[in-house]
Amino acid sequence: MLDINVIRNYPDKVKQAIINKHETSANIDLILELDTQHRSMIFACEQLKSKRNEKSKEVNALKKSGKDATALIEETRNIGDEIKSIEENLHGMDAQIKDLLLRIPNIPADDVPVGKDANDNAIVKSWGERKSFDFPPLPHWELGTNLNILDMERSSKITGSGFILLKGLGARLERALFSLMLDVHTRDHGYTELFTPFLVNRTSMTGTGQLPKLEDDMYHIPSDDLFLVPTAEVPVTNIHRDEILSFKDLPLYYTAYTPCFRREAGSYGKDTRGIIRVHQFNKVELVKLVRPETSYQELEMLLGNAEKILQILGLEYRVAKLCTGDMSFAAAKCYDIDVWAPGLNKFLEVSSCSNFEDFQARRINVRYRGEDNKLRFVHTLNGSGLALPRTVIAVLETYQQKDGSIAIPDVLQPYMGGVKVIAKKA
RNA sequence: GGAGAGGUGGCUGAGCGGCUGAAAGCGACGGUUUGCUAAACCGUUGUAGGGACUAAAGCCCUACCCCGGGUUCGAAUCCCGGCCUCUCCGCCA
(Lines give C-alpha, C1' and ligand atoms only; values in the text may rest on other atoms or scores of the structure.)
Protein backbone atom coordinates (compact mmCIF):
# COMPACT_ATOMS: atom_id res chain seq x y z
CA MET A 1 0.00 0.00 0.00
CA LEU A 2 1.26 3.43 -0.86
CA ASP A 3 1.22 6.31 1.55
CA ILE A 4 -1.85 8.41 0.69
CA ASN A 5 0.40 11.44 1.02
CA VAL A 6 2.53 10.22 -1.87
CA ILE A 7 -0.58 10.00 -4.00
CA ARG A 8 -1.70 13.47 -2.91
CA ASN A 9 1.67 15.06 -3.51
CA TYR A 10 2.94 13.16 -6.56
CA PRO A 11 -0.08 11.88 -8.45
CA ASP A 12 1.74 11.97 -11.79
CA LYS A 13 4.56 9.84 -10.53
CA VAL A 14 2.09 7.26 -9.24
CA LYS A 15 0.14 7.29 -12.50
CA GLN A 16 3.32 6.73 -14.48
CA ALA A 17 4.25 3.82 -12.22
CA ILE A 18 0.85 2.24 -12.83
CA ILE A 19 1.29 2.58 -16.59
CA ASN A 20 4.80 1.15 -16.43
CA LYS A 21 3.59 -1.80 -14.40
CA HIS A 22 0.60 -2.42 -16.67
CA GLU A 23 -1.84 -2.27 -13.82
CA THR A 24 -5.25 -1.20 -15.00
CA SER A 25 -7.50 -1.44 -11.99
CA ALA A 26 -5.90 1.46 -10.12
CA ASN A 27 -7.71 4.77 -10.42
CA ILE A 28 -5.72 7.68 -9.02
CA ASP A 29 -8.08 10.48 -9.97
CA LEU A 30 -10.98 8.74 -8.28
CA ILE A 31 -8.95 8.27 -5.13
CA LEU A 32 -7.90 11.91 -5.06
CA GLU A 33 -11.47 13.03 -5.52
CA LEU A 34 -12.78 10.72 -2.82
CA ASP A 35 -9.95 11.72 -0.54
CA THR A 36 -10.85 15.40 -0.78
CA GLN A 37 -14.50 14.66 -0.05
CA HIS A 38 -13.53 12.33 2.73
CA ARG A 39 -11.39 14.92 4.44
CA SER A 40 -14.04 17.60 4.39
CA MET A 41 -16.50 15.10 5.84
CA ILE A 42 -14.08 14.23 8.60
CA PHE A 43 -13.70 17.88 9.38
CA ALA A 44 -17.45 18.45 9.58
CA CYS A 45 -17.94 15.34 11.66
CA GLU A 46 -15.20 16.18 14.11
CA GLN A 47 -16.54 19.67 14.62
CA LEU A 48 -19.91 18.23 15.53
CA LYS A 49 -18.30 15.78 17.90
CA SER A 50 -16.44 18.59 19.55
CA LYS A 51 -19.71 20.43 19.99
CA ARG A 52 -21.39 17.36 21.41
CA ASN A 53 -18.62 16.79 23.91
CA GLU A 54 -18.94 20.36 25.08
CA LYS A 55 -22.72 20.13 25.48
CA SER A 56 -22.49 16.85 27.33
CA LYS A 57 -20.26 18.47 29.83
CA GLU A 58 -22.75 21.27 30.23
CA VAL A 59 -25.51 18.74 30.84
CA ASN A 60 -23.44 17.22 33.58
CA ALA A 61 -22.80 20.62 35.14
CA LEU A 62 -26.49 21.49 35.07
CA LYS A 63 -27.48 18.19 36.62
CA LYS A 64 -24.91 18.55 39.33
CA SER A 65 -26.21 21.96 40.29
CA GLY A 66 -29.72 20.51 40.33
CA LYS A 67 -31.03 22.49 37.36
CA ASP A 68 -33.21 21.24 34.52
CA ALA A 69 -31.26 19.97 31.48
CA THR A 70 -34.05 18.65 29.28
CA ALA A 71 -33.73 21.29 26.60
CA LEU A 72 -30.00 20.88 26.36
CA ILE A 73 -30.27 17.11 26.26
CA GLU A 74 -32.74 17.38 23.41
CA GLU A 75 -30.37 19.69 21.53
CA THR A 76 -27.41 17.39 22.06
CA ARG A 77 -29.37 14.37 20.95
CA ASN A 78 -29.99 16.08 17.62
CA ILE A 79 -26.28 16.70 17.19
CA GLY A 80 -25.73 13.03 17.89
CA ASP A 81 -28.20 12.03 15.18
CA GLU A 82 -26.43 14.29 12.72
CA ILE A 83 -23.07 12.73 13.59
CA LYS A 84 -24.51 9.29 13.09
CA SER A 85 -25.71 10.03 9.60
CA ILE A 86 -22.39 11.56 8.58
CA GLU A 87 -20.51 8.62 10.04
CA GLU A 88 -22.49 6.17 7.97
CA ASN A 89 -21.31 7.89 4.81
CA LEU A 90 -17.84 8.21 6.22
CA HIS A 91 -17.54 4.47 6.83
CA GLY A 92 -18.62 3.62 3.31
CA MET A 93 -16.17 6.07 1.89
CA ASP A 94 -13.38 4.83 4.14
CA ALA A 95 -13.84 1.31 2.89
CA GLN A 96 -13.97 2.44 -0.72
CA ILE A 97 -10.76 4.44 -0.44
CA LYS A 98 -9.02 1.64 1.39
CA ASP A 99 -10.04 -0.83 -1.27
CA LEU A 100 -8.83 1.43 -4.07
CA LEU A 101 -5.58 2.04 -2.23
CA LEU A 102 -4.98 -1.70 -1.88
CA ARG A 103 -5.21 -2.03 -5.65
CA ILE A 104 -2.49 0.49 -6.40
CA PRO A 105 0.81 -1.24 -7.15
CA ASN A 106 4.14 -0.30 -5.66
CA ILE A 107 6.26 2.27 -7.48
CA PRO A 108 9.30 0.74 -9.23
CA ALA A 109 12.72 1.88 -8.01
CA ASP A 110 14.58 4.41 -10.15
CA ASP A 111 17.07 1.94 -11.61
CA VAL A 112 14.42 -0.51 -12.78
CA PRO A 113 14.25 -0.58 -16.58
CA VAL A 114 10.93 0.46 -18.07
CA GLY A 115 9.62 -2.33 -20.24
CA LYS A 116 6.70 -4.39 -21.36
CA ASP A 117 7.44 -8.02 -20.56
CA ALA A 118 10.17 -10.55 -19.87
CA ASN A 119 11.88 -9.63 -23.15
CA ASP A 120 12.76 -6.24 -21.70
CA ASN A 121 14.44 -7.64 -18.59
CA ALA A 122 18.14 -6.91 -18.24
CA ILE A 123 20.41 -9.92 -17.85
CA VAL A 124 22.88 -8.71 -15.25
CA LYS A 125 24.85 -11.87 -14.61
CA SER A 126 25.61 -15.31 -15.99
CA TRP A 127 27.25 -18.06 -14.00
CA GLY A 128 28.61 -21.49 -14.93
CA GLU A 129 29.64 -23.21 -18.12
CA ARG A 130 27.13 -24.51 -20.63
CA LYS A 131 27.40 -28.24 -20.26
CA SER A 132 27.92 -30.20 -23.46
CA PHE A 133 26.57 -33.73 -23.99
CA ASP A 134 27.79 -36.41 -26.36
CA PHE A 135 24.19 -37.64 -26.57
CA PRO A 136 20.90 -35.79 -26.86
CA PRO A 137 19.92 -34.80 -23.28
CA LEU A 138 16.44 -35.91 -22.30
CA PRO A 139 13.77 -33.83 -20.60
CA HIS A 140 13.21 -34.58 -16.92
CA TRP A 141 9.87 -36.30 -17.40
CA GLU A 142 11.49 -38.97 -19.54
CA LEU A 143 14.40 -39.35 -17.15
CA GLY A 144 12.12 -39.46 -14.13
CA THR A 145 9.65 -41.91 -15.61
CA ASN A 146 12.39 -44.22 -16.89
CA LEU A 147 14.03 -44.28 -13.47
CA ASN A 148 10.67 -44.78 -11.77
CA ILE A 149 11.23 -41.79 -9.46
CA LEU A 150 8.54 -39.54 -10.94
CA ASP A 151 4.99 -40.67 -11.64
CA MET A 152 2.74 -38.03 -13.16
CA GLU A 153 0.09 -40.49 -14.28
CA ARG A 154 -0.62 -41.77 -10.82
CA SER A 155 -0.51 -38.33 -9.23
CA SER A 156 -3.26 -37.17 -11.53
CA LYS A 157 -5.24 -40.23 -10.48
CA ILE A 158 -4.92 -39.08 -6.87
CA THR A 159 -5.66 -35.42 -7.43
CA GLY A 160 -5.60 -34.21 -11.02
CA SER A 161 -3.12 -32.73 -13.42
CA GLY A 162 -0.39 -30.51 -12.09
CA PHE A 163 0.46 -32.51 -9.01
CA ILE A 164 3.69 -34.37 -8.44
CA LEU A 165 4.23 -37.89 -7.16
CA LEU A 166 7.85 -38.64 -6.38
CA LYS A 167 9.02 -42.13 -5.54
CA GLY A 168 12.07 -43.73 -4.00
CA LEU A 169 15.22 -41.76 -4.65
CA GLY A 170 13.14 -39.09 -6.38
CA ALA A 171 11.36 -38.39 -3.12
CA ARG A 172 14.68 -38.59 -1.35
CA LEU A 173 16.20 -36.08 -3.77
CA GLU A 174 13.40 -33.65 -3.01
CA ARG A 175 13.98 -33.96 0.73
CA ALA A 176 17.75 -33.74 0.24
CA LEU A 177 17.43 -30.50 -1.68
CA PHE A 178 15.33 -28.57 0.78
CA SER A 179 17.37 -29.87 3.69
CA LEU A 180 20.54 -28.67 2.00
CA MET A 181 19.00 -25.28 1.31
CA LEU A 182 17.81 -24.80 4.88
CA ASP A 183 21.19 -25.86 6.23
CA VAL A 184 23.11 -23.45 4.03
CA HIS A 185 20.84 -20.51 4.80
CA THR A 186 20.79 -21.08 8.55
CA ARG A 187 24.43 -22.11 8.94
CA ASP A 188 26.19 -19.89 6.40
CA HIS A 189 23.83 -16.99 5.79
CA GLY A 190 22.49 -16.25 9.25
CA TYR A 191 18.79 -16.94 8.73
CA THR A 192 16.50 -18.24 11.47
CA GLU A 193 14.57 -21.30 10.41
CA LEU A 194 10.81 -21.25 10.81
CA PHE A 195 8.12 -23.81 10.32
CA THR A 196 4.81 -22.08 9.72
CA PRO A 197 1.13 -22.88 9.24
CA PHE A 198 0.27 -23.78 5.66
CA LEU A 199 -3.16 -22.19 5.92
CA VAL A 200 -3.44 -18.45 6.40
CA ASN A 201 -6.29 -16.04 6.92
CA ARG A 202 -7.51 -13.27 4.66
CA THR A 203 -5.73 -10.54 6.60
CA SER A 204 -2.38 -12.22 6.08
CA MET A 205 -3.00 -12.64 2.37
CA THR A 206 -3.93 -8.99 2.06
CA GLY A 207 -0.92 -7.94 4.06
CA THR A 208 1.61 -9.31 1.64
CA GLY A 209 -0.36 -8.18 -1.39
CA GLN A 210 -1.77 -11.43 -2.84
CA LEU A 211 -5.23 -10.10 -2.06
CA PRO A 212 -7.34 -8.51 -3.30
CA LYS A 213 -5.74 -8.75 -6.73
CA LEU A 214 -4.90 -12.45 -7.05
CA GLU A 215 -7.77 -14.14 -5.23
CA ASP A 216 -8.58 -16.32 -8.25
CA ASP A 217 -5.10 -17.78 -8.17
CA MET A 218 -5.36 -18.94 -4.55
CA TYR A 219 -6.80 -22.12 -3.10
CA HIS A 220 -9.51 -21.06 -0.69
CA ILE A 221 -11.30 -22.95 2.08
CA PRO A 222 -14.68 -21.21 2.19
CA SER A 223 -15.94 -22.83 5.40
CA ASP A 224 -13.18 -21.13 7.38
CA ASP A 225 -12.21 -18.36 4.95
CA LEU A 226 -8.63 -19.64 4.94
CA PHE A 227 -6.16 -19.88 2.08
CA LEU A 228 -3.48 -22.45 1.31
CA VAL A 229 -0.17 -20.61 1.26
CA PRO A 230 1.00 -19.72 -2.25
CA THR A 231 4.46 -19.08 -0.78
CA ALA A 232 6.05 -19.00 2.67
CA GLU A 233 6.37 -15.26 2.15
CA VAL A 234 2.80 -14.92 3.41
CA PRO A 235 3.06 -16.58 6.84
CA VAL A 236 6.62 -15.43 7.43
CA THR A 237 6.20 -11.77 6.52
CA ASN A 238 3.05 -11.61 8.61
CA ILE A 239 4.77 -12.84 11.77
CA HIS A 240 5.36 -9.33 13.02
CA ARG A 241 2.11 -7.82 11.81
CA ASP A 242 0.95 -4.89 13.98
CA GLU A 243 4.18 -4.91 15.93
CA ILE A 244 6.64 -2.20 16.80
CA LEU A 245 10.20 -3.48 16.66
CA SER A 246 13.30 -1.87 18.04
CA PHE A 247 16.13 -0.79 15.75
CA LYS A 248 18.17 -3.25 17.78
CA ASP A 249 16.03 -6.12 16.44
CA LEU A 250 16.84 -5.32 12.83
CA PRO A 251 17.69 -6.77 10.45
CA LEU A 252 15.60 -9.94 10.85
CA TYR A 253 16.42 -12.87 8.56
CA TYR A 254 13.97 -15.76 8.29
CA THR A 255 13.96 -18.87 6.17
CA ALA A 256 11.19 -21.41 5.92
CA TYR A 257 10.30 -24.48 3.96
CA THR A 258 6.66 -24.77 2.93
CA PRO A 259 4.71 -26.37 0.17
CA CYS A 260 3.20 -23.73 -2.12
CA PHE A 261 -0.26 -23.98 -3.59
CA ARG A 262 -1.24 -22.09 -6.72
CA ARG A 263 -4.24 -22.53 -8.95
CA GLU A 264 -2.32 -21.03 -11.87
CA ALA A 265 -5.58 -19.68 -13.21
CA GLY A 266 -5.01 -18.16 -16.60
CA SER A 267 -1.93 -20.18 -17.44
CA TYR A 268 -3.67 -23.28 -18.74
CA GLY A 269 -1.85 -24.84 -21.63
CA LYS A 270 1.47 -23.31 -20.59
CA ASP A 271 4.32 -25.58 -19.51
CA THR A 272 1.95 -28.50 -19.15
CA ARG A 273 4.52 -31.24 -19.50
CA GLY A 274 6.56 -32.52 -16.63
CA ILE A 275 6.90 -30.56 -13.41
CA ILE A 276 7.72 -27.08 -14.73
CA ARG A 277 4.42 -25.56 -13.63
CA VAL A 278 2.39 -27.38 -10.99
CA HIS A 279 -0.32 -26.59 -8.46
CA GLN A 280 1.67 -27.75 -5.46
CA PHE A 281 5.40 -27.47 -5.07
CA ASN A 282 7.97 -27.20 -2.33
CA LYS A 283 10.01 -24.10 -1.77
CA VAL A 284 12.50 -22.70 0.69
CA GLU A 285 11.88 -19.01 1.15
CA LEU A 286 14.07 -16.20 2.46
CA VAL A 287 12.46 -13.21 4.14
CA LYS A 288 14.06 -10.10 5.58
CA LEU A 289 12.76 -7.22 7.66
CA VAL A 290 15.28 -4.41 7.57
CA ARG A 291 15.89 -0.72 8.11
CA PRO A 292 14.95 1.37 5.07
CA GLU A 293 18.41 2.76 4.45
CA THR A 294 19.87 -0.73 4.10
CA SER A 295 17.22 -2.44 2.02
CA TYR A 296 18.89 -2.26 -1.38
CA GLN A 297 22.15 -3.56 0.01
CA GLU A 298 20.15 -6.32 1.71
CA LEU A 299 18.53 -7.19 -1.62
CA GLU A 300 21.93 -7.81 -3.21
CA MET A 301 22.90 -10.02 -0.28
CA LEU A 302 19.64 -11.94 -0.47
CA LEU A 303 20.18 -12.53 -4.17
CA GLY A 304 23.67 -13.79 -3.41
CA ASN A 305 22.28 -16.19 -0.77
CA ALA A 306 19.90 -17.71 -3.32
CA GLU A 307 22.60 -17.91 -6.01
CA LYS A 308 24.83 -19.76 -3.61
CA ILE A 309 22.58 -22.80 -3.73
CA LEU A 310 22.92 -23.10 -7.50
CA GLN A 311 26.64 -22.56 -7.25
CA ILE A 312 27.22 -25.39 -4.80
CA LEU A 313 24.99 -27.61 -6.92
CA GLY A 314 27.07 -26.66 -9.94
CA LEU A 315 24.10 -25.55 -12.00
CA GLU A 316 24.37 -22.93 -14.72
CA TYR A 317 22.18 -19.89 -14.17
CA ARG A 318 21.65 -16.27 -15.07
CA VAL A 319 20.27 -13.31 -13.15
CA ALA A 320 17.80 -10.87 -14.67
CA LYS A 321 16.80 -7.49 -13.35
CA LEU A 322 13.12 -7.36 -14.11
CA CYS A 323 11.63 -4.51 -16.07
CA THR A 324 8.61 -2.61 -14.79
CA GLY A 325 6.14 -4.65 -16.84
CA ASP A 326 7.38 -8.02 -15.60
CA MET A 327 7.59 -7.12 -11.93
CA SER A 328 5.00 -8.18 -9.41
CA PHE A 329 2.37 -5.90 -7.96
CA ALA A 330 4.07 -5.28 -4.63
CA ALA A 331 7.73 -5.13 -5.68
CA ALA A 332 9.85 -2.02 -6.07
CA LYS A 333 12.77 -3.94 -7.51
CA CYS A 334 13.15 -7.57 -8.40
CA TYR A 335 15.78 -9.99 -9.65
CA ASP A 336 14.93 -13.35 -11.17
CA ILE A 337 17.32 -16.26 -11.13
CA ASP A 338 16.92 -18.64 -14.07
CA VAL A 339 18.56 -22.04 -14.07
CA TRP A 340 19.58 -23.83 -17.26
CA ALA A 341 17.68 -27.02 -18.08
CA PRO A 342 19.62 -28.87 -20.79
CA GLY A 343 16.87 -31.37 -21.60
CA LEU A 344 14.38 -28.60 -22.18
CA ASN A 345 17.04 -26.43 -23.77
CA LYS A 346 15.85 -23.38 -21.89
CA PHE A 347 16.16 -21.34 -18.72
CA LEU A 348 13.67 -21.83 -15.88
CA GLU A 349 12.88 -19.32 -13.16
CA VAL A 350 13.84 -20.75 -9.77
CA SER A 351 13.89 -17.61 -7.68
CA SER A 352 12.50 -14.12 -7.54
CA CYS A 353 14.23 -11.77 -5.10
CA SER A 354 12.36 -8.59 -4.35
CA ASN A 355 12.56 -5.47 -2.30
CA PHE A 356 9.10 -4.21 -1.38
CA GLU A 357 10.39 -1.18 0.47
CA ASP A 358 7.60 -0.14 2.86
CA PHE A 359 4.75 -1.31 0.62
CA GLN A 360 4.05 -4.51 2.57
CA ALA A 361 5.10 -3.01 5.90
CA ARG A 362 2.39 -0.39 5.54
CA ARG A 363 -0.22 -3.08 4.87
CA ILE A 364 0.90 -5.28 7.74
CA ASN A 365 1.71 -2.31 9.94
CA VAL A 366 5.21 -3.25 11.02
CA ARG A 367 7.24 -0.34 12.29
CA TYR A 368 10.41 0.08 14.25
CA ARG A 369 11.57 2.66 16.73
CA GLY A 370 14.85 4.22 15.66
CA GLU A 371 17.68 5.60 17.78
CA ASP A 372 15.92 8.96 17.54
CA ASN A 373 12.83 7.32 19.09
CA LYS A 374 10.76 7.95 15.95
CA LEU A 375 8.55 5.33 14.39
CA ARG A 376 9.16 4.26 10.81
CA PHE A 377 7.93 1.44 8.63
CA VAL A 378 10.45 -1.33 8.07
CA HIS A 379 11.37 -2.49 4.60
CA THR A 380 10.54 -6.07 3.66
CA LEU A 381 12.32 -8.32 1.18
CA ASN A 382 11.98 -11.87 0.09
CA GLY A 383 13.27 -14.38 -2.38
CA SER A 384 13.08 -18.04 -3.13
CA GLY A 385 16.05 -19.97 -2.00
CA LEU A 386 14.98 -21.94 -4.09
CA ALA A 387 11.84 -23.35 -5.69
CA LEU A 388 12.18 -27.12 -5.69
CA PRO A 389 10.64 -28.65 -8.83
CA ARG A 390 12.67 -26.58 -11.23
CA THR A 391 15.81 -27.18 -9.21
CA VAL A 392 15.04 -30.89 -9.46
CA ILE A 393 14.59 -30.49 -13.21
CA ALA A 394 17.97 -28.80 -13.49
CA VAL A 395 19.69 -31.45 -11.38
CA LEU A 396 18.14 -34.34 -13.33
CA GLU A 397 18.76 -32.84 -16.74
CA THR A 398 22.23 -31.46 -16.01
CA TYR A 399 23.58 -34.57 -14.34
CA GLN A 400 21.98 -37.15 -16.62
CA GLN A 401 24.32 -39.70 -18.12
CA LYS A 402 24.23 -41.59 -21.37
CA ASP A 403 22.67 -44.67 -19.77
CA GLY A 404 19.81 -42.60 -18.35
CA SER A 405 21.16 -42.53 -14.79
CA ILE A 406 21.68 -39.38 -12.74
CA ALA A 407 25.00 -38.55 -11.06
CA ILE A 408 24.29 -36.92 -7.71
CA PRO A 409 26.33 -33.74 -7.09
CA ASP A 410 28.87 -34.13 -4.27
CA VAL A 411 27.17 -31.65 -1.98
CA LEU A 412 23.91 -33.62 -2.09
CA GLN A 413 25.37 -37.07 -1.49
CA PRO A 414 25.42 -36.84 2.32
CA TYR A 415 21.74 -35.84 2.16
CA MET A 416 21.04 -38.83 -0.07
CA GLY A 417 22.45 -41.27 2.42
CA GLY A 418 25.63 -41.57 0.41
CA VAL A 419 23.91 -42.41 -2.88
CA LYS A 420 26.11 -41.27 -5.78
CA VAL A 421 23.97 -42.29 -8.71
CA ILE A 422 20.28 -42.76 -9.33
CA ALA A 423 20.14 -45.64 -11.74
CA LYS A 424 17.48 -47.91 -13.11
CA LYS A 425 16.94 -50.97 -10.99
CA ALA A 426 18.24 -54.04 -12.71
C1' G B 1 -18.20 -30.34 20.59
C1' G B 2 -19.99 -28.87 26.10
C1' A B 3 -19.06 -25.57 30.64
C1' G B 4 -16.60 -21.46 32.73
C1' A B 5 -12.82 -17.19 33.10
C1' G B 6 -10.63 -13.30 30.70
C1' G B 7 -8.68 -9.57 26.78
C1' U B 8 -6.75 -1.89 29.64
C1' G B 9 -0.44 1.80 27.55
C1' G B 10 6.55 -1.35 26.24
C1' C B 11 5.21 -4.84 30.65
C1' U B 12 2.43 -5.85 35.52
C1' G B 13 -2.08 -4.01 37.07
C1' A B 14 -6.29 -0.52 39.04
C1' G B 15 -10.68 1.66 37.32
C1' C B 16 -16.75 -0.69 36.20
C1' G B 17 -21.50 5.69 33.46
C1' G B 18 -19.14 12.29 33.43
C1' C B 19 -13.64 14.78 37.52
C1' U B 20 -9.89 8.77 33.17
C1' G B 21 -5.80 9.09 27.42
C1' A B 22 -6.51 6.36 31.61
C1' A B 23 -4.02 5.47 39.10
C1' A B 24 0.19 2.78 40.90
C1' G B 25 4.47 -0.09 40.04
C1' C B 26 8.22 -1.80 36.59
C1' G B 27 10.94 -0.67 32.25
C1' A B 28 12.94 3.11 28.89
C1' C B 29 14.89 8.09 28.11
C1' G B 30 16.98 12.94 30.06
C1' G B 31 19.16 15.25 34.40
C1' U B 32 21.43 15.69 39.60
C1' U B 33 24.84 12.88 42.50
C1' U B 34 29.32 9.51 41.68
C1' G B 35 36.56 7.73 40.81
C1' C B 36 33.53 3.76 37.89
C1' U B 37 29.18 0.80 38.39
C1' A B 38 25.01 0.50 41.40
C1' A B 39 21.61 3.03 44.46
C1' A B 40 18.91 7.45 45.51
C1' C B 41 16.40 11.82 43.87
C1' C B 42 14.01 15.10 39.98
C1' G B 43 11.80 15.23 35.24
C1' U B 44 10.02 13.07 30.54
C1' U B 45 7.62 8.96 28.43
C1' G B 46 1.35 6.24 23.39
C1' U B 47 -0.49 6.21 18.43
C1' A B 48 -3.33 7.69 14.33
C1' G B 49 -6.37 11.19 11.63
C1' G B 50 -7.96 16.20 10.69
C1' G B 51 -7.30 21.81 11.00
C1' A B 52 -4.79 26.85 10.66
C1' C B 53 0.35 27.98 9.32
C1' U B 54 5.30 28.23 3.57
C1' A B 55 7.58 23.88 6.18
C1' A B 56 9.49 21.58 10.77
C1' A B 57 8.77 22.52 16.08
C1' G B 58 4.81 23.96 18.72
C1' C B 59 -0.70 24.82 18.79
C1' C B 60 -6.14 23.41 18.29
C1' C B 61 -9.68 19.45 17.43
C1' U B 62 -11.11 14.18 16.89
C1' A B 63 -10.49 9.05 17.66
C1' C B 64 -8.33 4.86 20.04
C1' C B 65 -8.72 0.67 27.02
C1' C B 66 -9.31 -6.77 21.38
C1' C B 67 -12.82 -5.78 16.82
C1' G B 68 -17.87 -4.33 15.13
C1' G B 69 -22.70 -2.69 16.45
C1' G B 70 -26.35 -0.84 20.30
C1' U B 71 -28.24 1.96 24.77
C1' U B 72 -27.24 7.10 26.69
C1' C B 73 -26.94 14.16 26.61
C1' G B 74 -22.31 11.35 27.80
C1' A B 75 -19.26 4.50 27.49
C1' A B 76 -12.75 1.63 29.12
C1' U B 77 -17.17 1.11 32.31
C1' C B 78 -23.98 -1.19 30.54
C1' C B 79 -26.18 -4.54 26.31
C1' C B 80 -25.60 -7.65 21.65
C1' G B 81 -22.43 -10.06 17.88
C1' G B 82 -17.46 -11.55 16.43
C1' C B 83 -12.26 -12.77 17.18
C1' C B 84 -8.49 -14.38 20.41
C1' U B 85 -6.33 -16.46 25.10
C1' C B 86 -6.73 -19.57 29.45
C1' U B 87 -9.09 -23.63 32.66
C1' C B 88 -12.17 -28.05 33.05
C1' C B 89 -14.96 -32.09 30.44
C1' G B 90 -15.59 -34.92 25.87
C1' C B 91 -13.32 -36.49 21.22
C1' C B 92 -8.84 -37.28 18.56
C1' A B 93 -3.12 -37.87 15.39
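Overview of values
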read-out: Charge dipole magnitude, Cβ of K and R +1, D and E -1 - segment A:309-423, Cα centre, debye nearest 20; value: 400
read-out: Charge-dipole axis of segment A:40-188 as Lys and Arg at +1 and Asp and Glu at -1 on Cβ define it, positive-most pick from A:GLY115, A:LEU169, A:LEU138; value: A:LEU169
read-out: 16 Å tail of the calculated P(r), segment A:4-102, as % of Cα pairs; value: 66
read-out: Heavy-atom surface of chain A, accessible at 1.4 Å and reported per residue (Å²); value: 48
read-out: Label-zone membership for segment A:26-40, site A:LEU90, 7 angstrom Cα→C-beta point, backbone N under 13 Å; value: A:38-40
read-out: Under 12 Å, Cβ to Cβ, from A:PRO235 - net charge with Lys/Arg +1 and Asp/Glu -1; value: -1
read-out: Residue-span extension gain [A:ASP271 to A:SER40] - 0.36 nm each, minus C-alpha spacing; value: 77.9 nm
read-out: Among A:ILE312, A:ILE276, A:ILE42, residue whose mean-square fluctuation peaks in a GNM of chain A (springs only between Cα atoms under 10 Å); value: A:ILE42
read-out: Residue with peak Gaussian network fluctuation, chain A [Cα springs, cutoff 10 Å], from A:ILE239, A:ILE86, A:ILE97; value: A:ILE86
read-out: Placed amide H near A:LEU226: partners under 5 Å, 5+ positions off or other chain; value: A:ILE221
read-out: Aspartates and glutamates with Cα under 18 Å of A:LYS213, excluding same-chain neighbours fewer than 8 positions away; value: A:GLU23, A:ASP99, A:ASP225, A:GLU233, A:GLU264, A:ASP326
read-out: Cα extents of chain A along the three principal axes, largest first (Å); value: 104, 44, 43
read-out: Distance (nanometres) between label positions extended 7 Å along Cα→Cβ at A:ALA407 and A:ASP120; value: 4.3
read-out: Packing rank of A:157-169, A:180-192, A:393-405, where each peptide gets the mean count of other beta carbons within 10 Å, highest leading; value: A:393-405, A:180-192, A:157-169
read-out: Environment charge of A:GLU88, counting only residues whose C-beta is closer than 13 Å and scoring Lys/Arg +1, Asp/Glu -1; value: -3
read-out: Projected label distance in nm at A:SER156 and A:ILE28, using a 7 Å step from Cα toward the beta-carbon; value: 4.6
read-out: Signed unit charges on C-beta, dipole axis of chain A, positive-most listed residue A:VAL339, A:THR391, A:THR24; value: A:THR391
read-out: Size of charge dipole - segment A:4-102 - debye, nearest 20, with Cβ of Lys, Arg +1 and Asp, Glu -1, no other charges; value: 440
read-out: Signed unit charges on C-beta, dipole axis of segment A:294-409, positive-most listed residue A:THR324, A:VAL350, A:GLY404; value: A:THR324
read-out: Radius ratio Rg over Rh of segment A:97-231, counting only Cα atoms, Kirkwood formula for Rh; value: 1.03
read-out: For chain A, built as a Gaussian network whose Cα springs stay under 10 Å, the top-fluctuating residue of A:SER246, A:SER126, A:SER65; value: A:SER65
read-out: When each of A:LYS167/A:LYS424; A:LYS13/A:LYS116; A:LYS402/A:LYS425; A:LYS167/A:LYS346; A:LYS131/A:LYS308 is checked by Cα-Cα distance, pairs over 21 Å; value: A:LYS167/A:LYS346
read-out: Calculated [θ] (222 nm, deg cm²/dmol) that DSSP helices of n ≥ 4 give over chain A, each run adding -39,500 (n - 2.57); value: -12500 deg cm²/dmol
read-out: Protein accessible area in segment A:1-131, 1.4 Å probe - carbon and sulfur %; value: 50
read-out: Apportionment of accessible area to carbon and sulfur, segment A:138-184, percent (1.4 Å); value: 51
read-out: Sequence-distant lysines (8 or more away, or on other chains) whose Cα lies within less than 30 Å of A:LYS55; value: A:LYS63, A:LYS64, A:LYS67, A:LYS84
read-out: Compactness of segment A:200-317, expressed as Rg and Dmax over alpha-carbon positions, Å; value: 16.5, 49
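The values are calculated or read from the model by the stated rules, or taken from the named source; none is laboratory data. None of these values were measured; they are calculated from a predicted model. Cβ: placed from backbone, ideal geometry, glycine included. Neighbour counts: every protein chain shown. Ligands, DNA and RNA are excluded from the accessible area calculation, which covers all protein heavy atoms including side chains. Shrake-Rupley method; radii C 1.70, N 1.55, O 1.52, S 1.80 Å.
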